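Reading through the structure tokens given below for one structure.
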């Protein structure tokens, strides 16, 4: 089975000298294509920090993170942006939807960033929105819908670009199974 993600002795420290805090210490694991993996731990145990390291939002202090056998620690800032756009889908616990855009526009934003053909965008949005039960509310704004509907919109935005890896930080507002979002 193809290994999608591999962490080897990943460490993240903040601060210096006597003020050093270790947020992630010696984390090693593999995730293979098609696997669902949950990272669990107490509040403040480093789960979100670990996701930020995998997403290249933050950088490791030690160890390495490989995605499709490529070490993401050594890529440049411009390559990081391309990497996030081309390989990752994000589902944040606070949705990260733009209140000035409709749900449809929030989902479309991910496709526009990925440079999807304009003629394909609505079809792709409609397909995933129907599967997630939000098709009827696509023209509403985030503040006009429930928290669960906002979270399903965030899920739609993450999966519509068909990323190789989806990172979800406490997406408990909407339960999404692989069968629900299979494109």
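The values are calculated or read from the model by the stated rules, or taken from the named source; none is laboratory data. Model, not experiment: these values are computed from the prediction. All Cβ positions, even for glycine, are placed from backbone atoms using ideal geometry, and neighbour counts span all protein chains on display.
If only residues of the stretch 113-148 that are modelled with pLDDT under 95 and part of a helix (DSSP H, G or I) are counted, the one that is surrounded by the fewest Cβ atoms within 10 Å (Cβ to Cβ) is 119.
When each of 60, 27 is tested for being assigned to a strand (DSSP E or B) and over 30 Å from residue 149 (Cβ atoms), the lone residue that passes is 27. Just to be sure before I move on: is residue 51 in a loop (DSSP other than H, G, I, E, B) and surrounded by 13 or more Cβ atoms within 10 Å (Cβ to Cβ) in the structure I sent? No, not satisfied. Does residue 44 satisfy the condition of being at pLDDT below 90, in contact with a helix residue (DSSP H, G or I) (Cβ under 7 Å, 6 or more places away or on another chain) and not in a helix (DSSP H, G or I)? No. Selection of the stretch 1-27 for residues being closer than 17 Å to residue 71 by Cα and modelled with pLDDT under 90 yields 2, 3, 4. Of the residues making up the stretch 63-111, those that are under 13 Å from the mean Cα position of the chain (by Cα) and surrounded by fewer than 16 Cβ atoms within 10 Å (Cβ to Cβ) are 85, 86, 93, 94, 96.
Taken as a whole, the condition of being surrounded by 15 or more Cβ atoms within 10 Å (Cβ to Cβ), within 21 Å of residue 166 (Cα to Cα) and more than 19 Å from the chain's Cα centre (by Cα) applies to residue 27.
Residue 36 meets all of the listed conditions (1) exposed (fewer than 15 other Cβ atoms within 10 Å of the Cβ); (2) assigned to a strand (DSSP E or B); (3) in contact (Cβ under 8 Å) with a residue 60 or more places away in the chain but one, namely (2). Looking at the structure I just gave you, is residue 165 surrounded by fewer than 21 Cβ atoms within 10 Å (Cβ to Cβ), modelled with pLDDT under 95 and either in the same structural domain as residue 67 (by TED's automatic domain parsing) or out of contact with any helix residue (DSSP H, G or I) (no Cβ under 8 Å at 6 or more places or on another chain) (or both)? For residue 165, the condition - surrounded by fewer than 21 Cβ atoms within 10 Å (Cβ to Cβ), modelled with pLDDT under 95 and either in the same structural domain as residue 67 (by TED's automatic domain parsing) or out of contact with any helix residue (DSSP H, G or I) (no Cβ under 8 Å at 6 or more places or on another chain) (or both) - is not met.
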